[in-house]
Amino acid sequence: MTERRTPEAREVYWTFGCGLCLIIAMACATFGTFLDLHLVARAQVYCEGDLSSGEKFAGTMWFLSRVVMFPIVSVLSALVAQSFHLLARLPWLAGRLWSGAVLPALAVAGSFAGPVAMVLYDLATVGTPGGCVLPPWPF
């Protein structure tokens, strides 16, 4: 008969932290993609008005590239954020009280960093052509 051992508290926190970053990556991959496309489309309509058929086709190709790229950026950002969970497993940081609060918060912030940066970059470059200035939020 094999004895079962109960998981330690550190293992439960580790699993929860990895799962939380995975949930954030999936949420950013789905909702972030639609938010990015929506904001860029509204900014383009505000700045350029009605688009010609060629511009619409080019915009469609750009949108399709973002549907592919945004989930990749979300997953890579979550994978990079896992390094903060790895730091928390180091022996000289494992017993510290501050590491249990600060490092998971940094992991969550790191999971959001890539998708947020991509939305801001797309809005600044593609959404505002020709130096167009957008009105205050929401436009």
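Computed quantities for the displayed model
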{"item": "Å² per residue, accessible surface of segment 17-134 at 1.4 Å", "result": "58 Å²"}
{"item": "R0 of 35 Å, Cβ-Cβ distance residue 57-residue 133: FRET efficiency to nearest 0.05", "result": "0.85"}
{"item": "Linear extension gain, residue 35 paired with residue 116, 0.36 nm per residue minus alpha-carbon span", "result": "28.1 nm"}
{"item": "Segment 16-79 - percent of accessible surface contributed by carbon and sulfur, probe 1.4 Å", "result": "78 percent"}
{"item": "Scattering curve values for segment 15-58, log₁₀ I(q)/I(0), Debye with Cα scatterers, q = 0.34 Å⁻¹", "result": "-1.05"}
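The values are calculated or read from the model by the stated rules, or taken from the named source; none is laboratory data. Note that the structure is predicted; figures quoted are calculated from it, not measured. FYI the Cβ positions are ideal-geometry reconstructions off the backbone, even for glycines, and counts take in every protein chain you see. All accessible areas refer to the heavy atoms of the entire protein, side chains included, with ligands and DNA or RNA removed. Shrake-Rupley method; radii C 1.70, N 1.55, O 1.52, S 1.80 Å.
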